[in-house]
Amino acid sequence: MKAFEFRPKLLETVRNYDKKKFTTDLMAGIIVGIVALPLAIAFGIASGVTPEKGIITAIVAGLIISVLGGSKVQIGGPTGAFIIIIYGIIQQYGIEGLAIATFMAGAFLVLFGLLRLGTIIKYIPYPIVVGFTSGIAVTIFTTQMKDLFGLQLESVPSDFIEKWIVYIQNCTTADLMTTLIGILSVVVIAITPKFSKKIPGSLVAIILMTVVALLLKNFAGINSIETIGDRFSISGELPDAHVPEMTWETIKRLVSPALTIAILGAIESLLSATVADGVIGDHHDSNTELVAQGIANLASPLFGGIPATGAIARTMTNINNGGRSPIAGIIHAGVLLLIFLFLMPLAQYIPMACLAGVLVVVSYGMSGWRSFLTLMKNPKSDVTVLLITFFLTIIFDLTIAIEVGLIIACLLFMRRMSETTDVKVISDEIDPNDDLDIKAGNLEHLSIPKGVEVYEINGPYFFGAGNRFEEIMASMGDRPKVRIIRMRKVPFVDSTGIHNLSNLCLMSQKEGIQIVLSGVNPKVHAVLAKSGFNELVGNKNICSHINLALERAKEILM
């Protein structure tokens, strides 16, 4: 196994960098920065923190991910996937708890990269990814109902079902003008791409609805439209770095949510990088990307930021506008920094209903309802994983959903693997045309002597298949003198398989039956030898091909 190599793509791309490439990266970076602004504000507020924390996250994490990342075009920052996790952590552990959990998640991500787990994370089953992504989308949509319709509620329950009960009970308290602002925001975002692919619909909606809200307030006397400034105190000053105070007790309590942040961040960032690779024809370094994501999440909470990861929508915006190097991502962070320093006070006039509309559109895009419906037509095992992950996400939380979903997926995978392993009994003769371990040049059918049974294991011999083999053995009527077990199609054997083989040998020896193995591949042979199995069965009873195994059986019968 090769040692880990930290290779940021920035070092690779600057070697042949020129003015033309910088010009395209500059335009892409400016556009992505403008696109990221409303999303960063919306994600920050929806997560339960102030709007500037969302922008600070996009600046700090976005800069680090572009400078150190393993993808040329990845754009990092806060994403919708984290909203529910962050909100839950704040409710339970407070802002300081969130900072510690984010810091721990960063450490986990760095560890994932150093341990070269980047490729393994890609193997998380697709139904789990779709299940929790769709569940998050539904949850985000649910959390925005109060602001979208201006419902007069002192507090909103954290439970999904209770939320909807409270919404229905208080639907008559909806504010008409707030509802119009929210619905118009959704409409503007939806139709903007038909007129312009460059200008983000969310930014157009925020500018238009902010102007409308100000006009209604100043010239029509309508003060019922709540704005960011009504709920938060906006600051345009960069915060000082602050290291969260961590105790062993706090760390132990936050391990589970921190791992959830790390796993979700790893999945989302690598998925985004993979999608980007397909568009630009490049190959990202998954382990370097994980280390960069980890460092970004170690730095973000130091300045009051929240968890960050690679953002698919912003990454695609970068690509579509000509971004082809990490320079574009660095410029995007610079644009956000300038906006934060000089224009942040203007954010106080943005209507909360407009931000709710932005998040409603984001949740629709996240829902992946087409993928969801397609998976519903797949085998029952996939549908089971999908639905369990989905409902656990919306009814309980993402931590439980990912944990249970992975456990179920692993169990179903084990069952499928065990089903691929077939054990059959060969009773009369062996056809040489159908076999690989018969000695070359011997094309005659091989007869099986009386008193010999030949069994063939097709597939991996692990704990899922061992019991089936024992059941077949037990169902056989007559007891032979020799049992030949052909293992030419066994790619690997685990400790349970070795244990079953050892038990079979011991039981057979008590009954006066000799076990002979045939066609054992070198890797399996090495594992058996290391476990001491060779001493139990005898080295001369482990044969390289069936001819030798049958000859050995004849010797035993004599």
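The values are calculated or read from the model by the stated rules, or taken from the named source; none is laboratory data. Predicted, not measured: the structure shown is a model, and the values here were computed from it. Note that each Cβ is placed from the backbone with ideal geometry, even for glycine, and that neighbours are counted across all protein chains shown. Accessible surface areas use protein heavy atoms only, side chains included; no ligands, DNA or RNA. Shrake-Rupley method; radii C 1.70, N 1.55, O 1.52, S 1.80 Å.
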### Query
Within a Cβ distance under 14 Å of Thr142, other residues only, what is the Lys/Arg minus Asp/Glu net charge?
-2
### Query
For Gly304, what is the net charge nearby, where nearby means another residue's Cβ is under 14 Å from its Cβ and Lys, Arg count +1, Asp, Glu -1?
-3
### Task
Compare the Cα positions of Ile165, Ile136, Ala190 along the charge dipole of segment 96-244 (+1 at Cβ of Lys, Arg; -1 at Cβ of Asp, Glu; about the Cα centre) and return the one farthest towards the positive end.
Ala190
### Query
For segment 205-282, what are the per-bin percents of Cα-Cα distances with bins 5 Å wide, up to the bin holding the maximum?
3, 10, 9, 10, 8, 11, 15, 14, 12, 8, 2, 0
### Query
If the limit is 24 Å between Cα atoms, which of Lys424/Lys450; Lys9/Lys198; Lys380/Lys523; Lys20/Lys197; Lys21/Lys198 go over it?
Lys9/Lys198; Lys380/Lys523
### Task
Just order 129-138, 201-210 by mean Cβ neighbour count inside 10 Å, highest at the front, would you?
129-138, 201-210
### Query
What does the charge dipole of the chain about its Cα centre add up to, to the nearest 20 debye, if the Cβ of each Lys and Arg holds +1 and the Cβ of each Asp and Glu holds -1?
980
### Task
Find which of Ile199, Leu406, Gly357 sits farthest along the positive direction of the dipole of the chain, computed with +1 on the beta-carbon of Lys and Arg, -1 on that of Asp and Glu, about the Cα centre.
Ile199
### Query
Which helices of the chain meet both criteria: a Cα extent of 15 Å or more along the helical axis and a mean Kyte-Doolittle score no lower than 1.6, with helices taken as whole DSSP H segments?
51-68, 83-114, 176-195, 201-219, 326-343, 352-367, 380-395
### Query
With Cβ to Cβ distances under 15 Å as the rule, what net charge do the other residues near Val361 carry (K, R +1; D, E -1)?
+1
### Task
Enter the Cα centre distance for the pair segment 81-108 and segment 371-429, rounded to the nearest angstrom.
29
### Query
Around Ile484, which amide H atoms from residues at least 5 apart in sequence, or from another chain, sit under 5 Å from its own amide H, with H modelled in the peptide plane?
Glu453, Val454, Tyr455, Val516
### Query
Say the dipole of segment 1-123 comes from +1 at the beta carbon of Lys and Arg and -1 at that of Asp and Glu; which of Ala28, Ile64, Phe4 then lies farthest toward its positive end?
Phe4
### Task
Could you tell me whether segment 1-129 comes out rounded, prolate or oblate from its Cα gyration tensor? Rule is a ≥ b ≥ c as square roots of the eigenvalues, rounded for a/c under 1.5, then prolate if a/b exceeds b/c, otherwise oblate.
oblate
#### Entry: Within the chain, percent of DSSP bridges classed antiparallel, to nearest 5
40
### Percent accessible area from carbon and sulfur atoms, the chain, protein chains only, probe 1.4 Å
63
### Task
Bin width 5 Å, alpha-carbon pairs only: give the P(r) of segment 249-384 as whole percents, running from 0 to the bin holding the largest distance.
2, 7, 11, 16, 19, 18, 14, 8, 4, 1, 0
### Message
Using only the alpha carbons of the chain, what is the convex hull's orientation-averaged projected area in square nanometres?
### Response
33.8
### Query
Do you know the relative contact order of segment 49-175, to the nearest whole percent, from alpha carbon pairs under 8 angstrom that are 6+ apart?
17
### Task
Quick one: check the C-alpha center-to-center distance for segment 489-558 versus segment 173-238, whole angstrom.
75
